[in-house]
Structures are given as C-alpha cells and as structure tokens.
C-alpha cells in the first residue's frame, strides 16, 4: 500500500520533470545526448524506487545522483531552455532536505 504524502508528491513531480527534461534533451538538435540518456536512466530509476523495493540503490542515493545529473545538465544546457531543469533541480533538492529531516515543516514530514 502506498501512502500518499507531500514528500511523495514532491519527489514524483521532481522525478517526472527530470524525465521529461531528459527526453527533451535527447530530441533537441543541439542537446547533449549523453547527459540526456543518463538523466532518463537515473530519473526513471528514481521514480521506480519510490514505489518498488527491489531497486538496487535506495531512493536517497538515486535522488542525490539525479541532483548531480541535473546540475551537469544545467551547465551543459545546449540549445534547450533552463526552466524545466531548474524546477526539477529545486524539487529534488527540496525532497532531499525534507527526507533527511534537515528542515522540519509540520504537515510535510
């Protein structure tokens, strides 16, 4: 049974936005293909790790890896816009901070 919480919604939104950004990065003419492929794989595993327990790495490790990939994608942006990457980066960073209880907001965690 999956418990619907704000943390899950934040993680899902960040993971799906990163997945869409990776797909757009692959389809763009001047985009970096390698970063797009890595972003799709890591974002897909991150979203799956929220629901399945058999993923080799935990969702926290995949979240940190996705954060690093998004920063690299932001640096090597190519001809793509930065809006989707920045929103996904902010959501994943917020999820990591709230998941580790470095910041406690009543009602969220």
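Taken together, the values in this text are just the output of simple stated rules run on the coordinates, not laboratory data. Keep in mind it's a predicted model, so treat the numbers as computed, not measured. With ideal geometry, Cβ positions are generated from the backbone for all residues, glycine too; neighbour counts draw on all protein chains shown.
Here the label points at residue 72 and residue 23, each 7 Å from Cα along the C-beta direction, are separated by 2.2 nm in the simple model. Helix 33-49 and the longest principal axis of the C-alpha atoms of the chain enclose an angle of approximately 20°. Relative to its residue count, segment 19-64 spans a Cα convex hull of 63 Å³ per residue. Shape descriptor for the chain: Rg over Rh equals 0.99 (Cα atoms; Rh from the Kirkwood inverse mean 1/r).
Annotation for segment 65-109 versus segment 1-26: alpha-carbon center distance of 11 Å.
Which whole-number percentage describes the relative contact order of segment 7-109, with Cα contacts under 8 Å and a sequence gap of 6 or more? Across segment 7-109, relative contact order equals 36 percent.
If R0 is 30 Å, the Cβ-Cβ spacing of residue 82 and residue 4 corresponds to a FRET efficiency of close to 0.45.
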